Structures are given as structure tokens and as C-alpha cells.
1. Run down Glu245, Glu238, Glu275, Glu199 and say which single residue is more than 20 Å from the chain's Cα centre (by Cα) and either surrounded by fewer than 22 Cβ atoms within 10 Å (Cβ to Cβ) or in contact (Cβ under 8 Å) with a residue 40 or more places away in the chain (or both).
2. Is one or more of the residues making up segment 295-312 closer than 16 Å to Val355 by Cα and in a loop (DSSP other than H, G, I, E, B)?
3. Considering only segment 106-120, state which residues are acidic (Asp, Glu) and outside any helix (DSSP H, G or I).
4. Quickly run through segment 251-268 and pick out the residues that are more than 21 Å from the chain's Cα centre (by Cα) and either touching a residue at least 40 places away in the same chain (Cβ under 8 Å) or within 30 Å of Glu36 (Cβ to Cβ) (or both).
5. Out of (1) assigned to a helix (DSSP H, G or I); (2) surrounded by 20 or more Cβ atoms within 10 Å (Cβ to Cβ), the odd one out for Leu210 is which?
6. Within the set of pairs 6 or more residues apart or between chains, which connect a residue that is closer than 13 Å to Arg349 by Cβ and assigned by TED's automatic domain parsing to the domain that holds Gln366 inside segment 316-327 to a residue that is hydrophobic (A, V, I, L, M, F, W, C) and modelled with pLDDT of 95 or more with Cβ atoms less than 7 Å apart?
7. Answer yes or no as to whether Ala23 is part of a strand (DSSP E or B) and surrounded by fewer than 23 Cβ atoms within 10 Å (Cβ to Cβ).
Amino acid sequence: MNLLVSEDRPRALLALENGSTFAGYASGAEGEAFGEVVFNTSMVGYDEIVSDPSYAGQIVTLTYPQVGNYGVCERYLQAPGLALRGLVVHDMCYTPSNWQSEGSLPDLLRRSGVVSIEGVDTRALTLQIRESGAMRAAISTVDLDPESLVARVRASEPISSHNFVEDVSPAEETVVPAKGERRFGVVAYHCGMKRGIVEGLCEHGCEVTLVPWDTPASRVLELAPDGVFFSNGPGDPEQVVSTSEAARALLGKLPCFGICLGNQMFTLAAGGSIEKLPYGHHGGNEPVMNLLTGKVEITAQNHNYGMVFPSLGDLVPELSGGESTHHDDLRHWSRLHVAPVVRNERYGRIRLTHVNLNDGTPEGIQFLDVPAFSVQYHPESKPGPNDSSYLFEAFARLMEGRDDYLDIDVREGRRF
């Protein structure tokens, strides 16, 4: 391990809100970083993970034991800069070996000013996050006193106190041309949108106009697109008021598709509730059942918040297998192979389409009386499996006016 020759590198300390501390060595920029600590279970794709804008305000723990082996490559980074607050790894590789490598991960972290610590027992840390939930934390190469750093962590602001979407959204509109024949014009709310998602839309014939997070619905209607996309993004969705208001105004006027934060924007637009999950979903191995097809997708996810499906309305028994009582664990519907429908006061009928098979949380909805749908995960496989890439084609079919746009076998969209 690199730690055997680490005495010449600065020491670092990781402190958690619950009082736990982990000593190690700096493996990125020196200094201090405060944020919310989470863990990601992906085995590969660390370059795409650290460059995901949805990690703004967070300290990311990678559970795979050795990180950095194949270096980093500009083409795989998902944003121009790194938005995460800090990185925690067990063993960092400083001499990568890969024909595409353009440099090492530690060098990228240093250039980007991201504080990182290695030498941490990431298994023990992950168990603590699972038991205590995502919590405030700090990495420091300056303050190595455990009591002092824990006290400062407890005095720091929670992630819910700031609108991180504003930090990662662009200031101006940008047009990205379609790859090949232009089939559709799409306006995309860039709330921290990954490069791979833009590419996924463009590969399906969409000319994409990226707009800032607070763009009013009136501007979108002026652009007269064929559809509107609401992207992923960081932080507490309750802070992103302008985007949820835009979603509320546009739902029913144009075909709409949302992912991750976009799914939460649709929920708030419909008058539903959002909850903070104990430790969220971060990784490329979350099993999700499509209740319309009965097929299971292995999905890539990155979120700490999610919708509360019962908050959208009362069940419609005749469209919900005869049932009128909501269930907290939505795996009930996956066992029945029933996609339940609620009656929403604003938008009519809304159907639950996708369920997480690990914890029974909602992963997708479909508006039956307006042209819109959303999922809580990332379909572009950056990083992760490509089981869900069919959702881009589903959006294309929705813009074509097809009623069966979501009835796609996951194998149809898979790329080998």
C-alpha cells in the first residue's frame, strides 16, 4: 500500500458529526473541506464520480479499496470542474497505467483544490454512515486535533441550508447540436447536468438548449421546443424553488422528462412531499423494477432525497389492482407486478412506474393525463450499467405523441 511510503506526505484527519475520527494522509489538495459525507459503491468510474456536479457540498467515500489505477482522462469527466467538497479513499494510486490516461487522480484533485484523505478504513466508515445516516464531516490537513475538528464539524452548516444548484448551473443559455439528423428541439434545465446526459439526448436526435436553473417557464415557451428536460443536481430540492415553479408551469404544456433532481421537481410541482433518505443511493448497482414491463434494471444513482409517493394523492383502486391503501414499502407493488395510480389534485392521474428493490423507495412516475414522466436515477451510465439508456428513446417517443412510450424492454436500449 502507498501508506508504507507516506511519511513524507502531510497527515490528514477525517472527523464526523457523530464524534468519530479517522487519521490518514493527504491524497489531494492540502487544506480543509467541510460537507456532508456519503459513500459510493461503484467499483469503477471514479473520474466520472468526482466530476459529477450532483456531489456539490459533499465529501464522497469510495468503498472500492484501491482508487486511481487507470488514471484520469478529460473525455470522461462529466463537468469542466470538480464540485465535490472532498474525497475519502482507502488506498490511492499515484502511478496509473492505462493507454488513455492523461494524468493521475491525485494530481487532478490538487489542481482542482479538492481535499482528499487516504489510509481510511472505508468499510468501517461506510458502516457508520449506514447506521448514523449521511452527516456533516470535515477533512483537514491543518487541524489534526480530533476534539477540535469534531467541534467545528458540529458547528458547520448543514447541506440543506444552501442552494448548491445555483453553484453548478450555467449563467447563460447554450445550444448543443444533435448527433446526426435533428429530430427534436429540447430545452434542458441544467441544474448540474452531467456531460453524458447531454450526449444521451443528442444521440437520440435532440438539439439541446441548456438553460440556467432559474429560467422562467415563459422563456422556455418562447423557444417553442418539442420537449423539456429537467436534469440531475445537488443538494436539498426544497432550495431549488425557481426550477420547481418552472416545472409546475410547464407540466401539461409540453412533453417533459426529469431525472434525479428533476424527478423531485415534478413531485414538488404536483404538491407532493420530499424526504431525506438515511444515507441515499450512490453507486452503479441499484436494482430497480419497471412495473410496466416487470423487467429489472441495474441503475446508476446519486441522490440523498426522494419523493414520498403517497403524498401525490389517494390510490385509484380500479387502476391499482383493487387496492385503496398505500404501502410504505413499495416493493409490495413489485411483488404484485402492479403499477398503482393515484389521483393528483393538479395533474390528474399519476402512476408509479419504478421501484427500488433494495429499500422499496419510489424510482419513477408517469403522468397519465399530461405528457410527462420522471425517474430518480441516471440513464446515461456515466459511470454504471446502461440498462436504463432506453429512457432517452422513451422521451423521444413521448415527443412523437406515442402513448406506449415507456413500454420498452430494457434490452432494446442496451449498448454492448
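1. After ruling out the rest, the residue left standing is Glu245.
2. Yes, segment 295-312 has at least one match.
3. Filtering segment 106-120 for residues acidic (Asp, Glu) gives 107, 118.
Glu118, the sole residue that qualifies.
4. Correct list: Leu251, Gly252, Leu254, Pro255.
5. So Leu210 meets the others, but not (1).
6. Val316/Val341; Val316/Val342; Leu319/Val341; Ser320/Val338; Ser320/Val341
7. yes
One line per residue, one yes/no per condition, for (1) at negative phi; (2) buried (at least 18 other Cβ atoms within 10 Å of the Cβ); (3) in contact with a strand residue (DSSP E or B) (Cβ under 6 Å, 6 or more places away or on another chain):
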site: Asp47; (1), (2), (3): yes, yes, no
site: Ser54; (1), (2), (3): yes, yes, yes
site: Gly71; (1), (2), (3): no, yes, no
site: Tyr94; (1), (2), (3): yes, no, no
site: Leu105; (1), (2), (3): yes, yes, no
site: Leu109; (1), (2), (3): yes, yes, yes
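The values are calculated or read from the model by the stated rules, or taken from the named source; none is laboratory data. Since we're looking at a predicted model, the values are computed, not measured. No Cβ is skipped: glycine too gets one built from the backbone with ideal geometry, and neighbour counts run over all protein chains shown.
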